[in-house]
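J.: Let me begin by handing over the structure; questions about it come next.
The values are calculated or read from the model by the stated rules, or taken from the named source; none is laboratory data. All figures in this text were calculated on a predicted structure; none of them were measured in a lab. Here the Cβ positions follow ideal geometry from the backbone for every residue, glycine too, while neighbour counts run over all protein chains shown. For the accessible areas, the whole protein counts, side chains as well, though only heavy atoms, and no ligand, DNA or RNA atoms are used. Shrake-Rupley method; radii C 1.70, N 1.55, O 1.52, S 1.80 Å.
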Amino acid sequence: MDFGVVLQTDPPAGELVRLMTAAEGEGFRYGWTFDSCVLWQEPFVIYSQILAATSSMVVGPMVTSPGTRDWSVLASLFATLNDMYGNRTVCGIGRGDSAHRVVGLKPSTLATLRDCMHVTKELAEGREVLLRDKPVRIPWVRDGRLEMWMAGYGPRALKLVGEHADGFILQCADPAIARWTIGSVREAARAAGRDPEGITICVAAPAYVGDNLVHQREQLRWFGGMVGNHVADLVARYGEAGDVPRELTEYIREREGYDYSHHGKAGNPSTEFVPDEIVDRFCLTGPAGAHVERLQELAELGVDQFSLYLMHDEREQTLAAYGSQVIGKLSS
């Protein structure tokens, strides 16, 4: 199993670069950031600094979306970084949540997401593609490579992952939900004539190593609220009796709204509806041994990478604990 770390691009950017460099030293191979350039700083500028400061870390957004940049710009950003640092980027992408909603946009349709993945990958790898009915190619790309890892929860999104994406990002560490989503992605891949094992499976969730479970839950409750934004869309589309597992839908019944100014932050007041049970299921808490047990369970379900969100008050301690007590027991 590979390991990644997910951070927000809060200023100062130098602190983010420092933490990513420290993470590589602890054995983390991937460095991810949020991509919501009104709420936080522009990530692609910072990626260049992370790549310069590290030796082999792969960087990318978790996740970008079709609606925040022209697709030619998005492809050129990745292609430029890859040309400078040797194909060390990955594109995590979804329909768009905070980056869209804070500027008055709705999440993209799945059809738009599918087209964006295709156009961005083709351009970033140097091939010609139709963009707004015009043939376009980036002529200076040399041996470019860009994998597209798609995030999603609902049946139609999982089908799209299986049919078109290079990787699947599940933002939730609940084994029951992982089993259903991974199974759905692989079934769709088989139906499309693709190798189901060729799709990289990444689970992303907060992790906090320590003994004070009450405090850990309060620090990580924000994550249930973030996932709830996507689940609310699923319930609106499919209903509570649809194909989406009840493990993913039941807890949002008390949800009454969401303030994006606190998005992804410990102490988010919009997440009081999230019960302790959801924090325990969606996140990794407790001592390092408990993390190893959950990760072993996820690995048995086919998870190739675990990327941990570090939005809490013991970031460096958790990084160090993973480096000394967790990664070595699960690394492939």
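J.: Does at least one position in segment 99-112 carry a residue that is open to solvent by less than 30 Å² (accessible area, probe 1.4 Å), farther than 23 Å from ALA157 by Cα and without any contact (Cβ under 8 Å) to a residue 40 or more places away in the chain?
T.: So far as segment 99-112 goes, no, none of its residues is open to solvent by less than 30 Å² (accessible area, probe 1.4 Å), farther than 23 Å from ALA157 by Cα and without any contact (Cβ under 8 Å) to a residue 40 or more places away in the chain.
J.: Let me ask another. Within segment 57-75, which residues are open to solvent by 10 Å² or more (accessible area, probe 1.4 Å) and not in a loop (DSSP other than H, G, I, E, B)?
T.: Selection gives VAL58, TRP71, SER72, VAL73.
J.: Please enumerate the residues belonging to segment 145-164 that are assigned to a loop (DSSP other than H, G, I, E, B), surrounded by 21 or more Cβ atoms within 10 Å (Cβ to Cβ) and more than 14 Å from the chain's Cα centre (by Cα).
T.: Residues satisfying the conditions are LEU146, GLY154.
J.: Could you go through segment 114-125 and let me know if any residue there is in a loop (DSSP other than H, G, I, E, B) and over 17 Å from the mean Cα position of the chain (by Cα).
T.: yes
J.: Only one of ARG194, ARG186 is part of a helix (DSSP H, G or I) and within 25 Å of ASP166 (Cβ to Cβ); which?
T.: Only one candidate qualifies: ARG186.
J.: Would you confirm whether or not segment 191-198 contains a residue that is of a type in the set (A, V, I, L, M, F, W, C) and either open to solvent by less than 30 Å² (accessible area, probe 1.4 Å) or within 17 Å of THR285 (Cβ to Cβ) (or both)? Write out each step before concluding.
T.: First, the residues of segment 191-198 that are of a type in the set (A, V, I, L, M, F, W, C): 191-192.
With the extra rule that they be either open to solvent by less than 30 Å² (accessible area, probe 1.4 Å) or within 17 Å of THR285 (Cβ to Cβ) (or both), the set shrinks to none.
No, segment 191-198 has no match at all.
J.: Filter segment 55-70 for residues that are among the hydrophobic types (A, V, I, L, M, F, W, C) and out of contact with any Cys (no Cβ under 9 Å at 6 or more places or on another chain); which is nearest to TYR309 (Cα to Cα)? Steps first, answer last, please.
T.: If we filter segment 55-70 for residues that are among the hydrophobic types (A, V, I, L, M, F, W, C), which is where we start, we get 57-59, 62-63.
Remaining after also requiring out of contact with any Cys (no Cβ under 9 Å at 6 or more places or on another chain): 57-59.
On the way: MET57: 17, VAL58: 16, VAL59: 14 Å.
Ranking the qualifying residues of segment 55-70, first place goes to VAL59.
J.: Also, quick follow-up: Hey, any hits in segment 268-289 for a residue that's part of a helix (DSSP H, G or I) and either at pLDDT 95 or above or closer than 15 Å to GLY4 by Cα (or both)?
T.: Looking through segment 268-289, at least one residue is part of a helix (DSSP H, G or I) and either at pLDDT 95 or above or closer than 15 Å to GLY4 by Cα (or both).
J.: Being acidic (Asp, Glu), modelled with pLDDT under 95 and under 30 Å from GLU314 (Cα atoms) is true for just one of GLU240, GLU218. Which residue is that?
T.: Checking each option against the conditions leaves just GLU218.
J.: Related question: Say we look at segment 6-16 and pick out the residues that are in a loop (DSSP other than H, G, I, E, B) and either of a type outside the set (S, T, N, Q) or open to solvent by less than 10 Å² (accessible area, probe 1.4 Å) (or both); which of these is nearest to GLY67 (Cα to Cα)?
T.: My answer is THR9.
J.: Moving on. Is it fair to say THR54 is open to solvent by 10 Å² or more (accessible area, probe 1.4 Å) and of a type in the set (S, T, N, Q)?
T.: In short, yes.
J.: With respect to ARG29, determine if the residue is touching an Asp or Glu at 6+ places or on another chain (Cβ under 9 Å) and closer than 29 Å to PRO139 by Cα.
T.: no
J.: Inside segment 17-54, can you point out the residues that are under 19 Å from SER307 (Cα atoms) and not in a helix (DSSP H, G or I)?
T.: Those that are under 19 Å from SER307 (Cα atoms) and not in a helix (DSSP H, G or I): GLU26, GLY27, PHE28, ARG29, TYR30, GLY31, TRP32, THR33, PHE34, ASP35, SER36, THR54.
J.: Does ALA204 count as in a helix (DSSP H, G or I), out of contact with any Phe, Trp or Tyr (no Cβ under 6 Å at 6 or more places or on another chain) and at pLDDT 95 or above? First the steps, then the outcome.
T.: Values: in a helix (DSSP H, G or I): no; out of contact with any Phe, Trp or Tyr (no Cβ under 6 Å at 6 or more places or on another chain): yes; at pLDDT 95 or above: yes.
So ALA204 fails the test.
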